[in-house]
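Colleague: Starting off with a structure, shown below.
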Amino acid sequence: MITAHAPAGYLVAQCLRRLKPANISARRWSLYGAIGGLLPDVDMFWFYLIDGGHVHHHRYPTHWPLLWLLVLVGALIFWHKTRRPVAAIALLFAVNGMVHLFLDSIVGDIFWLMPWRDTPFSLFTVSARYQPWWLNFILHWSFLLELALWAAAIRVFLYNRQTPHD
């Protein structure tokens with residue numbers, strides 16, 4: 001996925017609306033969802049600013065399923081015991097971290113068994129035919145999935161504007 005992590009995070013936030021604390025607006029909850037959808041890609045700062053692109057960012061711990069699974073379990077326990085707003089936000093971030101990795105697994109390598117096994121997994125492969133590199137992804141059939149996520153997010157957003165749920 002190149003562009004659809006934020007809309008996917010927004011959609012997850014809409015699905016998890018029942019977790020939204022009363023003191024957090026629907027708009028802010030949606031924003032947290034979009035941010036949560038992007039959160040594993042925070043490693044791009046390290047990738048470009050420190051590493052200089054030497055190691056693919058999907059090899060960093062922020063793209064390890066184990067990390068997001070541990071965050072998810074911790075957030076579930078925290079939320080179950082406290083029901084505090086920060087616990088609900090942590091749970092939203094954790095779910096979106098896992099969704100991010102599932103989406104990346106469609107055409108991008110995710111190392112599902114890290115740190116125990118350094119083996120990449122993806123459902124499909126995007127051939128390197130075009131320059132710049134991102135054209136390969138945009139011209140691949142899988143980009144239709146990204147467009148579908150965008151369309152679904154826009155549709156839900158417009159629906160929510162007509163019928164507020166706060």
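The values are calculated or read from the model by the stated rules, or taken from the named source; none is laboratory data. For clarity, every value in this text was computed on a predicted model and none was experimentally measured. FYI the Cβ positions are ideal-geometry reconstructions off the backbone, even for glycines, and counts take in every protein chain you see. Calculation scope for accessible area: heavy atoms of the full protein, side chains included, ligands and nucleic acids excluded. Shrake-Rupley method; radii C 1.70, N 1.55, O 1.52, S 1.80 Å.
Colleague: Given the DSSP H assignment, sum -39500 (n - 2.57) over each helix run of at least 4 residues in the chain and divide by its residue total; what's the result at 222 nm in deg cm²/dmol, nearest 500?
Modeller: Using -39500 (n - 2.57) per qualifying helix, the result is -19000 deg cm²/dmol.
Colleague: Amide H of W112 versus every other amide H placed in the peptide plane: which residues, excluding those fewer than 5 positions away on the same chain, fall under 5 Å?
Modeller: The list, which skips near neighbours in sequence, is F121.
Colleague: Something else now. Two decimals, Cα atoms only, Kirkwood Rh: what is Rg/Rh over the stretch 14-86?
Modeller: That ratio is 1.07, to two decimals.
Colleague: What figure in square angstrom, to the nearest 10, would you give for the accessible area of Y48 with a 1.4 Å probe?
Modeller: Solvent-accessible area, nearest 10 Å²: 140 Å².
Colleague: Please list 83-90, 20-27 highest first by mean number of surrounding beta-carbon atoms within 10 Å per residue.
Modeller: 83-90, 20-27
Colleague: Let me ask another. What are the ³J(HN,Hα) couplings of the stretch 12-24, residue after residue, when phi is run through the Karplus curve with 6.51, -1.76, 1.60 and θ = phi - 60°? Round to Hz, x for glycine and proline.
Modeller: 4, 4, 5, 5, 9, 4, 5, 7, 4, x, 4, 8, 10
Colleague: Let me ask something else. Kindly write out, for the stretch 72-85 in residue order, the coupling ³J(HN,Hα) from the Karplus curve 6.51 cos²θ - 1.76 cosθ + 1.60 (θ = phi - 60°), rounded to whole Hz, with x marking Gly and Pro.
Modeller: 4, 4, x, 5, 4, 5, 4, 5, 4, 7, 10, 6, 6, x
Colleague: Can you sort Y60, Y32 by solvent-accessible area, 1.4 Å probe, largest first?
Modeller: Putting Y60, Y32 in descending order of accessible area: Y32, Y60.
Colleague: Got a sec to turn the phi values of the stretch 35-45 into Karplus ³J(HN,Hα) couplings, 6.51 cos²θ - 1.76 cosθ + 1.60 with θ = phi - 60°, whole Hz, x for Gly and Pro?
Modeller: After applying 6.51 cos²θ - 1.76 cosθ + 1.60, I find 5, x, x, 8, 3, x, 7, 4, 5, 5, 4 Hz.
Colleague: Here's another thing I want to ask about it. Heavy atoms only, probe 1.4 Å: what % of the accessible area of the chain goes to carbon and sulfur, would you let me know?
Modeller: Carbon plus sulfur share of accessible area: 68 percent.
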